[in-house]
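Trainee: Here it is: the structure, laid out below.
The values are calculated or read from the model by the stated rules, or taken from the named source; none is laboratory data. Just so it is clear, the model here is predicted, and its values are computed rather than measured. Using ideal geometry, Cβ is built from the backbone for each residue, glycine included, and neighbour counts are taken over all protein chains shown. The accessibility values were calculated without ligands, DNA or RNA, using every heavy atom of the protein model including side chains. Shrake-Rupley method; radii C 1.70, N 1.55, O 1.52, S 1.80 Å.
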Amino acid sequence: MANAVNTNCVSGEKKSMIANHNVEEMEEDVLYHFALSTKTHDFKAMFGDVEYVCVGGSPKRMKAFAYLLLTELGYPLPAGQTLVNIAKATDRYAMYKVGPVLSISHGMGVPSVSIMLHEVIKLLHHAGCHGNDVEFFRIGTSGGLGLDPGTVVITKKAVNGLMQSEFCLPILGKMVTRPALLDETLAKQLLECSNATEDGFQTVIGDTMCTDDFYEGQGRLDGAFCEYTLDDKMVFLNKIHKEGVNNIEMEATCFAAMCHRAGIRAAIVCVTLLNRLEGDQVNTPHEIMDQWQLRPQKLVAHYIKKKLNQSGNGLSG
């Protein structure tokens, strides 16, 4: 099966983010998991100005990010009004829009983020956007390796549990492998927006491992099943740490591969909730974790604000 890669970002030429002639031939495209349809919604009017798509696992977290954007970007809400969940007719995902920014929840793990990405990429296609018009960010949480909890990791390279920078998906009985590549320039630009002294937290660039499981797939000892020893776990974690892995989560390879195939500049920014070299359980008080989870949001919001101000589209200085 062909592993075609869309290369929109190679030049300034406007190319489609999708590679599916069937979509072009459909009279109506129903984005079921967003409860949106090309027949019942005007996608160009609703989403034609989108420049940034920010996604994260939790609906609550992405709603909080949308409200953070209101403040950071200077988009005041009229008295008595509130942000509306555009996907409120479904309980699958939440979607908010603040100016040219979409804030969307993607659930947990590769299958959930894959569904969301298919539909948001089609949404932007129907809105008239192109791959080199938009930038995607995954804002999330992770387990760190050799880092103090609360450290923010900007992903340089996404790898799977076998340390391969690729996303593998069985399609029609055949395994299809696609490169899981992120935009290194975008990662560096995000790092330039960080300041440990002003931010109050450390930000680093490193590789991120994506697994298909929270427990055994990440070498935890506290799951319902465990067929390896503490020594086995530590040998593996120390090995991947020495090879450049700074954190572990469950969406990176899919997110990177799908954005790369669509020709979209993309970055992953995650905070670490614990140091996996020291334990498995996330036992930090929730009020502290809530503060840590704001850190990737603040960094990405700072980047977006800076870019909008540079382009003359920002409302706040």
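Trainee: So how do 124-134, 167-177, 64-74 stack up, highest first, on mean other-Cβ count within 10 Å?
Mentor: Packing proxy ranking, top to bottom: 124-134, 64-74, 167-177.
Trainee: Moving on. Mind checking which lysines have their C-alpha under 25 Å from Lys122, skipping anything on the same chain fewer than 8 residues away?
Mentor: Hits, sequence-local ones excluded: Lys14, Lys15, Lys39, Lys44, Lys60, Lys63, Lys88, Lys97, Lys174, Lys307.
Trainee: Next up: How long, wide and thick is the stretch 8-110, going by the Cα atoms along their three principal axes, in whole angstroms, largest first?
Mentor: 43, 34, 30
Trainee: Let me ask another. Determine, for each peptide in 206-218, 280-292, 27-39, the mean count of other beta carbons within 10 angstrom over its residues, then list the peptides with the highest first.
Mentor: Put in order of decreasing packing, that is 206-218, 27-39, 280-292.
Trainee: Quick one, which of [x] 70, 45, 37; [y] 57, 50, 38; [z] 107, 51, 28 is the actual Cα extents along the principal axes in Å calculated for this model?
Mentor: Correct label is [y].
Trainee: Let me ask something else. What is the calculated FRET efficiency for Ala89 to Asn20, with r their C-beta to C-beta distance and R₀ = 25 Å, to the nearest 0.05?
Mentor: 0.50
Trainee: Among Met250, Tyr93, Gly131, whose Cα projects farthest towards the positive end of the dipole of the chain, with charges put on the beta-carbon of Lys, Arg (+1) and Asp, Glu (-1)?
Mentor: It is Gly131.
Trainee: Follow-up question, since we're still on this one. Under 12 Å from the Cβ of Leu117, count the other residues' Cβ atoms, weight Lys and Arg +1, Asp and Glu -1, and hand me the total.
Mentor: With Lys, Arg at +1 and Asp, Glu at -1, the neighbours total +1.
Trainee: If you put +1 on each Lys and Arg Cβ and -1 on each Asp and Glu Cβ, how big is the dipole of the chain around its Cα centre, in Debye rounded to 20?
Mentor: 580
Trainee: Suppose the chain between Met46 and Lys188 were pulled fully straight at 0.36 nm per residue; how much longer would it get relative to their current alpha carbon spacing?
Mentor: Here the answer is 48.0 nm.
Trainee: Using a Förster distance of 30 Å, how high is the FRET efficiency between Gln202 and Ser311, based on the Cβ-Cβ distance and rounded to 0.05?
Mentor: On the way: r = 29 Å, r/R0 = 0.98.
Result of the calculation: an efficiency of 0.55.
Trainee: A follow-up question, please. Rounded to the nearest 500, what is the chain's calculated 222 nm mean residue ellipticity when only DSSP H runs of at least 4 contribute -39500 (n - 2.57) each, over all residues?
Mentor: That calculation yields -10000 deg cm²/dmol at 222 nm.
Trainee: With a 1.4 Å probe and every protein chain kept in, tell me what percent of the accessible surface of the chain is carbon plus sulfur.
Mentor: Exposed carbon and sulfur together represent 52 percent of the surface.
Trainee: Now for a separate question. Can you pull the one-decimal nm distance between simple spin-label points at Gln81 and Val30, each 7 Å off the Cα toward Cβ?
Mentor: Calculated label separation equals 3.1 nm.
Trainee: If you take every DSSP beta bridge whose two residues both sit in the stretch 116-246, what share of them, in percent to the nearest 5, is antiparallel? Write down the numbers at each step before the final one.
Mentor: Details: 6 of 13 bridges.
Approximately 45 percent, going by the DSSP bridge assignments.
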